[in-house]
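Here's the structure we're looking at; comments come further down.
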Amino acid sequence: MDDLEKKVVEAIDYVRPSLQNDGGDIDYVRLEGNKVFVKLRGACAGCMMAEMTLKNGVERMLKYNVSEDLEVVDLTMEDMQKDN
């Protein structure tokens, strides 16, 4: 794991308690270039506010604390579709 990836994971771990307080969670999956792939779990998975949480919360925090070039990609729905 390189320094950028470590910073991304640390930042996600920092925001995790906020999601857990609402009955959800977030999993870091991988970093490819400037794309941070994550999965939402619990109450966050399938929530109508999930996109706003990712873009206005997680992605904004990553851009501010790690790198302005980062973009969050949500893999949650891909897993949900595989389960059906």
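Put the Cα centre of the range 31-75 next to the Cα centre of the range 1-30 and the gap is 9 Å. Summarised as an ellipsoid, the chain has semi-axes of 20, 14, 11 Å, derived from the eigenvalues of the Cα gyration tensor scaled by 5 and square-rooted, with the largest first.
Fewest-first ordering of Val29, Val36, Val58, Val66 by other beta carbons within 10 Å of each residue's beta carbon gives Val29, Val66, Val58, Val36. The helix-based estimate of mean residue ellipticity at 222 nm for the chain, built from -39,500 (n - 2.57) per DSSP H run of four or more residues and divided by its residue count, is -12000 deg cm²/dmol to the nearest 500.
Values in this text are rule-based calculations from the coordinates and carry no lab data. What you see is a predicted model, and the numbers here were worked out from it, not measured in a lab. Here the Cβ is made from the backbone with ideal geometry for all residues, glycine too, and neighbour counts use every protein chain on show.
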